[in-house]
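Notes for the one structure printed next.
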Amino acid sequence: MAFYDRWFGKGRLAAQARAAELRGDLIKATELFGEAGDLAEVARILLLRGDGEADPRARLPLFTQAAKLAPEGTEANKAARLKRADLLLALAGDTAVSAVARHEVTEAAKDLEAIGEPLKAAEAFARAGDKEGEARALQAAGDVERLEFLLSTEQYKERISRSREERTKDVDLMIGCGRRREALEALDELLLRSGSSRSESLQSGPLGCPQDDATVRERANGLRARRVLAPIVAIEARGAASDELERYVLVTGDEVVIGRTDGAIKVPSNAVSREHLRIAREGEAIVVRDLQSRNGTQLRGINLAGPIPVGDGIELKLGKEVPLRIAPSKRLDGAIEIEVAGERYYACLGPTRTPVAGLDLAAGPDGWIELVSRGTRAFTATDLELVPRATLLVGDAITTLRGSEPLLRIVST
């Protein structure tokens, strides 16, 4: 039977495989050794093929297959697992080559640990963010100094984590009571500190970044996106004579400039200049001025040559095409109504009042709209009493009693 296998069976296939290897046909040699049932030789040829590949992505599956086929405990098995682990670590450290998943790096670390390479295993566990595995591997390697440093670093990180959690709770409270500007500054500070800590840490590789950074960044970006910024803010409010929320588009500031691209109110028409017209108070009167626009502002077909008072109401045309009506408001005391381009705006040309008695709006130095309460009424949002000059977010619902129907809701900015 041995004679038959040698000349006509597996022995013949193995001889053909060795001949193919000598010719440099490693793929054929792999197939023939496989047919001969010599898995150790198959693994050896796969390693040769992997070593000859220039592309790391092509080497990885060859080393992986070799590690699976080589009998456990053999030199071929150990060599295959070592090569695969080293390649995975190299790929993990080079994001331009490949984005290696965390679990694959963890598998490589366990392989290195199993074949007696504890220091390399510690490096791999560190890449994967597995502190327990890293400590175990360092202990196996007898590297007391690195183990002590790791444990002290973890204690430091735990203190930082506790401080971060406390600061996050502070942010929640700030947002709830209206101190949103401070909350945003606190979130930015958390991100800045995290970046500084990471740059000083040994775990600065792509797999060692704190997972909660993305959450903090997303929260900060969400807060920025919801800021209510001057000069335009849309609200729904319930006035003294109404039980229903009604929509108002308020224009903040001491003046209102209307233009195609600049100014508080933008009118997308080629007939309108970049800055076309200004509405402001002059003494006791509210007046309109054309800002030397290209096509002029017309009253009954005649171009305005100077300031003209609004009085009880005035109808104009911007650039001879766009109708504009300005009149004292009957819905909002102390405001004027500006109707242009299919929208109605309300401007107080001074402190911005709302339909809710005792509740005004004002723009902070950074343009963030703040809630200003006049008198002794206390206002709440999200079940917390608002601080004076609370900064507003889109979606805020303002009331005087917790749990009651809102008196004012911020719709958009």
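The values are calculated or read from the model by the stated rules, or taken from the named source; none is laboratory data. A quick note: this is a predicted structure, and the numbers were derived from the prediction, not measured. Heads up, the Cβs are rebuilt from the backbone with ideal geometry, glycines too, and the neighbour counts pull from every protein chain shown.
Worth a mention:
- Residue match in region 106-116 (condition: surrounded by 15 or more Cβ atoms within 10 Å (Cβ to Cβ), over 22 Å from residue 44 (Cα atoms) and modelled with pLDDT under 85): yes
- Reported count of residues in region 334-358, each being farther than 16 Å from residue 253 by Cα and modelled with pLDDT under 95, is 6.
Conditions tested, residue by residue: (1) out of contact with any helix residue (DSSP H, G or I) (no Cβ under 9 Å at 6 or more places or on another chain); (2) of a type in the set (A, V, I, L, M, F, W, C); (3) under 24 Å from residue 413 (Cβ atoms).
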site: 235; (1), (2), (3): yes, yes, yes
site: 258; (1), (2), (3): yes, yes, yes
site: 276; (1), (2), (3): yes, no, yes
site: 294; (1), (2), (3): yes, no, no
site: 297; (1), (2), (3): yes, no, no
site: 314; (1), (2), (3): yes, yes, no
site: 317; (1), (2), (3): yes, no, no
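- Restricting region 157-187 to residues that are of a type in the set (Val, Ile, Thr) and within 20 Å of the chain's Cα centre (by Cα), the residue that is surrounded by the fewest Cβ atoms within 10 Å (Cβ to Cβ) is 168.
- Residues of region 361-371 that are surrounded by 17 or more Cβ atoms within 10 Å (Cβ to Cβ) and not small (Gly, Ala, Ser): 361, 368, 369, 370, 371.
- Residue 49 being out of contact with any Gly (no Cβ under 8 Å at 6 or more places or on another chain) and free of Cβ contacts under 8 Å to residues at least 12 places away in the same chain: no
- Single residue of 20, 43 found to be more than 21 Å from residue 105 (Cα to Cα), part of a helix (DSSP H, G or I), modelled with pLDDT under 85 and in contact with a Leu (Cβ under 8 Å, 6 or more places away or on another chain): 20
- Flag if residue 8 is modelled with pLDDT of 85 or more, of a type in the set (Phe, Trp, Tyr) and out of contact with any Cys (no Cβ under 6 Å at 6 or more places or on another chain): no
- Any hit, region 203-224, residues being charged (D, E, K, R), in contact with a strand residue (DSSP E or B) (Cβ under 6 Å, 6 or more places away or on another chain) and either at pLDDT 95 or above or in the same structural domain as residue 381 (by TED's automatic domain parsing) (or both): no
- Looking across region 338-350, the residues that are surrounded by fewer than 21 Cβ atoms within 10 Å (Cβ to Cβ) and touching a Gly at 6+ places or on another chain (Cβ under 9 Å) come down to 349, 350.
- Every test in (1) under 22 Å from residue 89 (Cα atoms); (2) buried (at least 21 other Cβ atoms within 10 Å of the Cβ) is passed by residue 29 save one, and that test is (1).
- Filter result for residue 318 (closer than 27 Å to residue 402 by Cα, surrounded by 13 or more Cβ atoms within 10 Å (Cβ to Cβ) and hydrophobic (A, V, I, L, M, F, W, C)): no
- Any hit, region 237-244, residues being within 24 Å of residue 357 (Cα to Cα) and within 35 Å of the chain's Cα centre (by Cα): yes
- Hits in region 145-180 - residues which are closer than 24 Å to residue 131 by Cα and of a type in the set (A, V, I, L, M): 147, 150, 151, 160
- Pairs, first assigned by TED's automatic domain parsing to the domain that holds residue 116 in region 63-85, second among the polar types (S, T, N, Q) and not in a helix (DSSP H, G or I), C-beta under 8 Å, six or more apart: none
- In the set 263, 311, 253, only one residue is small (Gly, Ala, Ser), touching a residue at least 40 places away in the same chain (Cβ under 8 Å) and on the phi > 0 side of the Ramachandran plot; that residue is 253.
- Residue match in region 297-312 (condition: outside any strand (DSSP E or B), β-branched (Val, Ile, Thr) and surrounded by 13 or more Cβ atoms within 10 Å (Cβ to Cβ)): yes
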